[in-house]
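A quick write-up on the structure given underneath.
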Amino acid sequence: MNLSATSIIGDSVKNGAGEDLGNIEDLMVNVDGGDVSYAVLSFGGFLGIGDKLFAVPLQAMNLDTENKCFVLNESKERLENAPGFDKDHWPNQSDPAWHKEVRSYYNI
């Protein structure tokens, strides 16, 4: 299935229990490989203040077309412990160790 980035950005993400895990803020594209490296998920703040950002591989989520959201089968507690970053300090995108850590956290 192909979707435009603008149709995904802003979508909500829920877990299998229906709990809100945040929203997709952005998509990071690997221009060398021609694929989406991960979705940037915001979670944990209030009205956009204090949100922590998380890199979540799209393969870790399922699209729920009926409820118009993505489903990430992680608890809120596990997501809070995931590799994250704040909006002013993004990780080094060219660091293969960081990408490996993120993918392994979500069993990808």
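Each value in this text was obtained by applying a stated rule to the coordinates, not by laboratory testing. The shown structure was predicted, so the numbers you read here are calculated from the model rather than taken from an experiment. Note that each Cβ is placed from the backbone with ideal geometry, even for glycine, and that neighbours are counted across all protein chains shown.
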Checklist line | Over region 7-77 - Rg/Rh using Cα atoms and the Kirkwood inverse-distance radius | finding: 0.97
Check: Which order do Val102, Val29 fall in if you start with the one that has the fewest other Cβ atoms within 10 Å?
Finding: Val29, Val102
Item checked: FRET E, pair Ala97, Met28, Förster distance 22 Å, beta-carbon r, rounded to 0.05 -> 0.85
Margin query: Using helices alone, I'd like the mean residue ellipticity at 222 nm for the chain: each DSSP H run of four-plus residues gives -39500 (n - 2.57), total over residue count, nearest 500.
Written below: -4000 deg cm²/dmol
Check: What residues have an amide H closer than 5 Å to that of Leu27, excluding those fewer than 5 places away on the same chain, when H is modeled at 1.01 Å from N in the peptide plane?
Finding: Val40
Next item on the list: Cross-chain or 8 or more residues apart, Cα under 18 Å: how many lysine pairs in the chain fit that? Count them up, please.
Entry: 5
